[in-house]
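Before any comments, here is the structure.
The values are calculated or read from the model by the stated rules, or taken from the named source; none is laboratory data. Owing to the predicted nature of the structure, the values given are computational and were not obtained by experimental measurement. Because the Cβ atoms are built from the backbone with ideal geometry, glycine has one as well, and the counts that use them run over all protein chains shown.
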Amino acid sequence: MIRKDDIRQLIEKYPGGEDFFIVDIHVSPSNKITVMADRKKGISIDECARISKFIEQHLDREKEDFELVVSSPGLDSPFTVIEQWQKNIGENIKIQLANGETHKGKLSGIENDKILLEEPEKAPKNKHRQAGNKKNTITHKLEYPLSEVKTAKLIIEFK
């Protein structure tokens, strides 16, 4: 059986992979290899095809047959590696904490194993809100330990 670690080591030798990162690798008992890859600025279908070709060139089907799929994780996939957090700084995300709480806001950074989230809240009418303006908000800058985050996803917005 082809091993996940062997695939990871092989991909680490992929030329031109400076800002390329592996999100996940799965190898089934029947040797179906699934590689989820990305780049800081996004990964193209052509790049996934080049990675797939690179992997295929370094595996021997004569020795062991396999099926190979290389793709990006997709916009609606949860974050699983630190590079996904870094890639999405400045974007709106939704997180669910281990205690069940959910929070939405702009990911403003990652520091010391904590995420920095700017969460908007409607300002009370009598405090910071001007009469007639219903869009005034207060932004809370909060920190959440990565270890407390159960899931995190990009909020997809169409403008």
* Structure fact -> When restricted to Leu97, Leu75, the only residue closer than 25 Å to Thr139 by Cβ, touching a residue at least 40 places away in the same chain (Cβ under 8 Å) and exposed (fewer than 12 other Cβ atoms within 10 Å of the Cβ) is Leu75
* Asked: Restricting attention to the stretch 14-52, and to residues there that are touching a His at 6+ places or on another chain (Cβ under 9 Å) and crowded, with 18+ Cβ neighbours inside 10 Å, which single residue is farthest from Val69 (Cα to Cα)?
  -> Met36
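Residues are listed down the side, and each one gets a yes or a no for (1) at pLDDT 95 or above; (2) of a type in the set (A, V, I, L, M, F, W, C):
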position: Phe66; (1), (2): yes, yes
position: Ser71; (1), (2): yes, no
position: Ile93; (1), (2): yes, yes
position: Glu101; (1), (2): yes, no
position: Leu116; (1), (2): yes, yes
position: Glu121; (1), (2): no, no
position: Asn126; (1), (2): no, no
position: Asn133; (1), (2): no, no
position: Val149; (1), (2): yes, yes
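Per-residue answers, yes or no, for (1) among the acidic types (Asp, Glu); (2) closer than 30 Å to Lys114 by Cβ; (3) without any contact (Cβ under 8 Å) to a residue 24 or more places away in the chain:
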position: Ile11; (1), (2), (3): no, yes, no
position: Asn31; (1), (2), (3): no, no, no
position: Thr34; (1), (2), (3): no, no, no
position: Ala37; (1), (2), (3): no, yes, no
position: Ile45; (1), (2), (3): no, no, yes
position: Glu64; (1), (2), (3): yes, no, no
position: Gln86; (1), (2), (3): no, yes, no
* Asked: Could we say that Glu18 is at pLDDT below 95, more than 27 Å from Leu117 (Cβ to Cβ) and not basic (Lys, Arg) here?
  -> yes
